[in-house]
């Protein structure tokens, strides 16, 4: 009952001394892998500490040992469910995405991937920055142009003259190259 008081460290230390070994033994008997015992024991003790504040001593309902067993069982089951789900997610990630398989991705391929992603990141970052310099349809023209659309296709899609498409695309392109150079100098020192 003293351990119910969250500020009574001495009572909690006593409680921990009585029950930590018991919990470890239960984890062993439940055939939970040894490498999980310390984390799971801490998780169980935390659940007990939180639940103790609501515990009412009523032998007619259940003995303390019955209540404690339920808290331990539920905490252990929740932890193991979470652990198994995490393992499944990790296994699924490895199976579905053979991304970081050293046999598949050589150091050269990893470097190539990093360079491609860095270039894409830089371009997207600069395009977002360019929105503060250009209004209207200039950015839209540039994006559509970079997707391979012709001037006439862009002209009809955005309902602007073809020569305007040409001028806007070139203005954005010139500013993009300037901003990319500036950004590279500051980030790729």
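For the chain, the longest principal axis of the C-alpha atoms and the axis of helix 64-96 are separated by about 30°. Note: segment 107-187, Cα convex hull, 93 Å³ per residue. Once the Kirkwood radius over Cα pairs is known for segment 2-96, the Stokes-Einstein relation at 20 °C and 1.002 mPa s delivers a diffusion coefficient of 145 µm²/s. Compared with the dominant Cα axis of the chain, that is its longest principal axis, helix 162-187 is turned about 50°. Ellipticity at 222 nm from helices only: DSSP H runs of n ≥ 4 in the chain, each -39500 (n - 2.57), divided by the residue count, give -25000 deg cm²/dmol. Ignoring solvent entirely, what values of log10 I(q)/I(0) come out of the Debye formula for the chain at 0.14 Å⁻¹ when each Cα is a single scatterer? At q = 0.14 Å⁻¹ the computed log10 ratios are -0.88.
Here, each number is a calculation from the coordinates, and none is a lab measurement. Everything numeric here is computed off the predicted structure, so don't read it as measured data.
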